[in-house]
Amino acid sequence: MSANQTSRPQPRGVRSLARQFLENSSSGGIVLMAATALALFVANSPAAGLYADSLDTHVGGLSLLHWINDGLMALFFLMVGLEIKRETIDGQLSTWSGRVLPGSAAIGGMIVPALVYLACNLGVDGRPSGWAIPAATDIAFALGVLSLLGPRVPMALKVFLTALAIIDDLGAVLIIAVFYTGTLDAAALGAAGLVTAALIGLNRFGVKALSPYLALGAILWFLILRSGVHATLAGVVLALTIPLRQAPAGADGPDSPLHTLEHALAPWVTFAIVPLFGFANAGVSFAGTSAASLVQPVPLGIALGLFLGKQAGVFAATWAVIRLGWATLPPHANWRHVYGVSLLCGIGFTMSLFIGLLAFPDQPALQNDLKLGVLLGSVASALTGALLLRTARPEPEMATAPVSR
C-alpha cells in the first residue's frame with residue numbers, strides 16, 4: 001500500500017477500512033515473511049553475535065529489543081484496538097449475523113490449540129504457562145498468503161478471515177491483560193486510571209483533535225509500563241477512547257478521528273513496525289538443534305497447537321454453527337475453502353511470539369524453543385493451507401455475482 005493510496009479520500013460507506021486493508025495491505029504479510037527469513041539468516045550466520053549485541057544495546061534505560069517489543073508494539077496494539085472498535089461499531093462485526101460465524105470460529109481456534117499445548121506439557125518437564133502461545137492468528141501473514149492465491153479465494157472468505165483474526169486479537173489482548181500481568185504498582189496503576197478517565201472525558205466532551213489524545217496516550221504508556229501491566233495494552237486503551245463518528249451520507253472520506261488515525265498508522269504498522277518486530281524476535285539459532293529438540297514439550301506443544309489445534313478448532317466451530325442454522329457459508333465459498341482458511345489460521349507468528357516472550361521472560365533457552373515451535377507450526381500451516389486453497393475450485397457464481405458487504 002503506497003502513501004498515496006493511504007491518504008487518498010475514499011467515499012464513506014462504499015469502502016470499509018477492512019476492505020481497503022484486504023485490497024491494498026496484504027503485501028505487508030509478504031514483507032513480514034521477508035523480515036523473518038532475514039532474521040533466520042542473520043541468526044545463523046557469522047553476524048549472529050552482532051545481531052544479538054545490537055538488540056541488547058540500551059537506550060534510555062531500555063534495550064533496543066525492549067523498545068521494539070514494549071514501545072513500537074504499543075502502536076501495533078493501538079492499530080488492533082482501533083480496528084476492533086471500528087468493526088464492532090461500524091463494520092463487519094456490528095451485527096449478530098456478522099459476529100456469530102467468525103466469533104465462534106475464533107473461540108474454537110483459541111480453545112483447542114491451548115488444550116493441545118497443555119496436553120503436550122503435562123509432564124514434569126512441561127511448561128503449562130505457555131498455553132496461550134498457539135491460540136493466536138497472525139492476520140498480516142495469513143492475508144499475505146491469501147494474496148498470493150489471487151482470485152482463487154472469494155473476497156467474502158478474506159473478510160471472514162479478517163473478522164476472525166480481529167476477534168482472535170481481542171482474545172489475545174484479554175489473555176495478556178489477565179494472565180500475563182506481573183506484580184502491580186498500585187500508584188502507577190491508579191495514575192493510569194486517572195489518565196484513562198481524562199481520555200474518556202475528551203471523548204464525552206466531543207474533542208476531535210487527535211493531539212490531546214496522543215499526548216495523554218504517551219503518558220498512559222509510561223504509567224502502564226511502570227504499573228506492571230504490559231505497556232502495549234496502553235495502545236488498546238487509547239484506541240477505545242478515540243472518537244468514531246459516521247460521516248453524513250455522500251460525504252467525501254472518513255471524517256472521524258478514529259478513521260484519520262487508523263489511516264495514518266496503517267502503513268507504518270504494516271510495513272515497518274510488524275516486520276521490525278519479526279526481524280528482532282524471529283532470529284532463532286539452529287545450532288545444536290536436533291530431531292530430539294523438536295519433540296520437547298514447548299516446541300512440540302506450540303507447533304501441534306498451531307498446526308493441528310487451530311485447524312481443528314476453527315473448522316469444527318464453523319461447521320457446528322452452520323449446521324445449527326445460526327450462520328451460512330461465506331458467499332461463493334465452499335467447505336474446501338473454509339478448511340483451507342482454517343489451516344491458515346495456524347499462522348500465529350507475531351502475536352504468538354509476543355505472548356511467548358511474556359510467558360517465558362528472561363529465559364533464553366525457552367524463548368529459542370518457543371520461536372522454533374512458532375516457526376514450525378506457522379510454516380506448516382501456511383504451506384498446507386496455500387496448497388489446499390490453490391487447488392480449490394471457485395463456485396460458478398463467483399465470476400458474475402457481486403460480493404455483498
Worksheet item: Among Leu372, Leu376, Leu389, Leu357, which is in contact with a Lys or Arg (Cβ under 9 Å, 6 or more places away or on another chain), in a helix (DSSP H, G or I) and either under 21 Å from Thr289 (Cα atoms) or in contact (Cβ under 8 Å) with a residue 60 or more places away in the chain (or both)?
Response: Leu389
Fill in: Among residues of the range 376-405, those that are at pLDDT below 50 and open to solvent by 90 Å² or more (accessible area, probe 1.4 Å), counted
4
Discussion item. Here is a list: Val80, Val42, Val112. Which entry is surrounded by 16 or more Cβ atoms within 10 Å (Cβ to Cβ) and in contact with a Phe, Trp or Tyr (Cβ under 8 Å, 6 or more places away or on another chain)?
Written reply: Val42
Item to complete: Of the conditions (1) closer than 25 Å to Gly71 by Cβ; (2) modelled with pLDDT of 85 or more, Gly283 clears all except one; give me its number.
Response: (2)
Response to the item:
Picking from Leu353, Leu387, the residue that is under 26 Å from Ala287 (Cβ atoms) and not aromatic (Phe, Trp, Tyr) would be Leu353
Practice prompt. Give the residue, chosen from Thr328, Thr318, that is crowded, with 23+ Cβ neighbours inside 10 Å and more than 23 Å from Val274 (Cα to Cα).
Written response: Thr318
Worksheet item: Among the residues of the range 332-353, is any under 26 Å from Trp67 (Cβ atoms) and among the small types (Gly, Ala, Ser)?
Response: yes
Item to complete: Return the only residue of Val229, Val178, Val269, Val173 being without any contact (Cβ under 8 Å) to a residue 24 or more places away in the chain and under 30 Å from Gly130 (Cα atoms).
Response: Val178
Practice prompt. Looking only at the range 77-100, decide whether some residue is farther than 30 Å from Phe315 by Cα and of a type outside the set (Gly, Ala, Ser).
Written response: no
Practice prompt. Could you list, in sequence order, all residues of the range 53-63 that are surrounded by fewer than 16 Cβ atoms within 10 Å (Cβ to Cβ) and either touching a helix residue (DSSP H, G or I) at 6+ places or on another chain (Cβ under 6 Å) or touching a residue at least 24 places away in the same chain (Cβ under 8 Å) (or both)?
Written response: Thr57
Practice prompt. Hey, can you tell me all the residues within the range 169-223 that are at pLDDT 90 or above, more than 15 Å from Pro243 (Cα to Cα) and buried (at least 18 other Cβ atoms within 10 Å of the Cβ)?
Written response: Ala191, Ala192, Val195, Leu220, Trp221, Leu223
Worksheet item: If you scan the range 121-154, which residues turn out to be at pLDDT 80 or above and open to solvent by 40 Å² or more (accessible area, probe 1.4 Å)?
Response: Leu122, Gly123, Val124, Asp125, Arg127, Pro128, Ser129, Trp131
Discussion item. When you check Leu300 against the structure, is it modelled with pLDDT of 90 or more, in contact with a Leu (Cβ under 9 Å, 6 or more places away or on another chain), part of a helix (DSSP H, G or I) and surrounded by 18 or more Cβ atoms within 10 Å (Cβ to Cβ), yes or no?
Written reply: yes
Discussion item. Here are the criteria: (1) within 30 Å of Gly144 (Cα to Cα); (2) among the β-branched types (Val, Ile, Thr); (3) not in a helix (DSSP H, G or I). Tell me which single one Val314 does not satisfy.
Written reply: (3)
Item to complete: Take the range 337-351 and flag every residue that is at pLDDT 90 or above, crowded, with 24+ Cβ neighbours inside 10 Å and part of a helix (DSSP H, G or I).
Response: His337, Gly340, Val341, Ser342, Leu343, Leu344
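The values are calculated or read from the model by the stated rules, or taken from the named source; none is laboratory data. Bear in mind the structure is a predicted one, so any value in this text is a computation, not a measurement. Using ideal geometry, Cβ is built from the backbone for each residue, glycine included, and neighbour counts are taken over all protein chains shown. Surface areas here come from the heavy atoms of the whole protein model, side chains and all, with no ligands, DNA or RNA. Shrake-Rupley method; radii C 1.70, N 1.55, O 1.52, S 1.80 Å.
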